[in-house]
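> Below is a structure I'd like to ask you about.
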Amino acid sequence: MSEFQSPTDLMHNRGLIADPAAYAKEASAASWLYLCGEEFASMEGGMSYAEVRAAVPQSANLVADPPRDFDMDVARQGIAALDDLPRPTLVTCRTGPRSSALVYLYSGLRSGASADEVLARATADGAPFVQAEPLRAWVVQGLSELSGQ
């Protein structure tokens, strides 16, 4: 097995997205997996799933933002959605930690990488989830529990 590389066809956010259409265009995104519920649209700096749908040809909405649990059910649903979406794909949450965790989990599972390899690459890439121990643990758990699926 070769060394785990940074995901290239899945992109996560690193902060709030001011202009969803411009964000999608800059990334040349064919699709978007949006991890927020509609209540985020009413918050300062928020956006709606309608804005996501308008920005890309294909999208999916997996509501997994706080205060909802970010658990293995979310991991399974996110993996299934990513399996169905064309690339390149944006994966976004409010500011990036959850979306980056899902991107690295998915990429690690699909490449057969170990948890240590995924965490090392994510750390080197400055992925937002590495700063949150619960999300690091979620990725490790997902790599362990979902590797046979």
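The values are calculated or read from the model by the stated rules, or taken from the named source; none is laboratory data. Keep in mind that this is a model prediction, so the values were computed, not measured. No Cβ is skipped: glycine too gets one built from the backbone with ideal geometry, and neighbour counts run over all protein chains shown. These accessible areas exclude ligands, DNA and RNA; they are computed on the full protein's heavy atoms, side chains included. Shrake-Rupley method; radii C 1.70, N 1.55, O 1.52, S 1.80 Å.
> Select, from SER48, SER107, SER100, the only residue that is under 22 Å from TYR23 (Cβ atoms) and in contact with a His (Cβ under 6 Å, 6 or more places away or on another chain). Before the answer, list the steps.
Details: SER48 fails: in contact with a His (Cβ under 6 Å, 6 or more places away or on another chain); SER107 fails: in contact with a His (Cβ under 6 Å, 6 or more places away or on another chain).
Exactly one residue qualifies, and that residue is SER100.
> Evaluate the following for ARG98: is it open to solvent by 10 Å² or more (accessible area, probe 1.4 Å) and either within 19 Å of GLN5 (Cα to Cα) or not basic (Lys, Arg) (or both)?
Spelling it out, it is not the case that ARG98 is open to solvent by 10 Å² or more (accessible area, probe 1.4 Å) and either within 19 Å of GLN5 (Cα to Cα) or not basic (Lys, Arg) (or both).
> Let me ask another. Test GLY142 against the stated conditions and say whether it is under 17 Å from TYR23 (Cβ atoms), within 14 Å of the chain's Cα centre (by Cα) and touching a residue at least 40 places away in the same chain (Cβ under 8 Å).
Here the answer is no, as GLY142 does not meet what is asked.
> For GLU26, which of the numbered conditions (1) open to solvent by less than 40 Å² (accessible area, probe 1.4 Å); (2) without any contact (Cβ under 8 Å) to a residue 12 or more places away in the chain fails to hold?
(1)
> Where residues in region 41-54 are closer than 18 Å to GLY15 by Cα and in a helix (DSSP H, G or I), which of them is least open to solvent (accessible area, probe 1.4 Å)?
VAL52
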